[in-house]
Amino acid sequence: MKEQHQVTNFEEADQGAFVVLAPEGKFNLVSAPPLKARIDDLVAGGKAHIVVDLHAVDFIDSSGLGALIAGLKAARQQAGDLRIAAPGEQVRAVLKLTNLDRILVPFATVDEAGHDW
């Protein structure tokens, strides 16, 4: 069985026009609040275009989804946006089951997600 671990930190990269946050492992009740807090800090600091790179997330639950939706709302309130890139099979399945794939439209790559910013 594949080993899973909590997202306790995440990579961050400023691409100029947007910021990439890249969590890995499980994105859940334990790991979602720090990422959501960082999104809030970025938006408050004027960085309202954010791509969350989900390629290394192997599990997401309602807390992870809630953090993404709350981040999306915060970014849009500041004339920005939050987009997701490279979600794996489990993340795509959860997005589809919850119909959130209509709101958080998954992009294949980070570059594709941020192409028009």
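The values are calculated or read from the model by the stated rules, or taken from the named source; none is laboratory data. Remember, predicted model here, so these are calculated numbers, not experimental data. All Cβ positions, even for glycine, are placed from backbone atoms using ideal geometry, and neighbour counts span all protein chains on display.
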Report task. Answer yes or no: is there a residue in the stretch 61-74 that is at pLDDT 95 or above and not in a helix (DSSP H, G or I). Result -> yes
**Report entry** Any hit, the stretch 13-21, residues being modelled with pLDDT of 95 or more and assigned to a helix (DSSP H, G or I)
**Finding:** no
Query raised in the report: Just to be sure, is Leu42 free of Cβ contacts under 8 Å to residues at least 24 places away in the same chain, touching a helix residue (DSSP H, G or I) at 6+ places or on another chain (Cβ under 9 Å) and not in a loop (DSSP other than H, G, I, E, B)?
Result: yes
**Report entry** Odd one out for Val57 among (1) over 14 Å from Gly25 (Cα atoms); (2) in a strand (DSSP E or B)
**Finding:** (1)
Requested in this report: Can you tell me which residue within the stretch 52-71, out of those that are more than 15 Å from Pro34 (Cα to Cα) and within 9 Å of the chain's Cα centre (by Cα), is surrounded by the fewest Cβ atoms within 10 Å (Cβ to Cβ)?
Outcome: Asp53
**Report entry** Hey, His55 closer than 11 Å to Leu82 by Cα, modelled with pLDDT of 95 or more and not basic (Lys, Arg) or not
**Finding:** no
Query - Whichever residue in the stretch 45-54 is in a strand (DSSP E or B) and of a type outside the set (Asp, Glu) and, among such residues, is farthest from Trp117 (Cα to Cα) - result: Val52
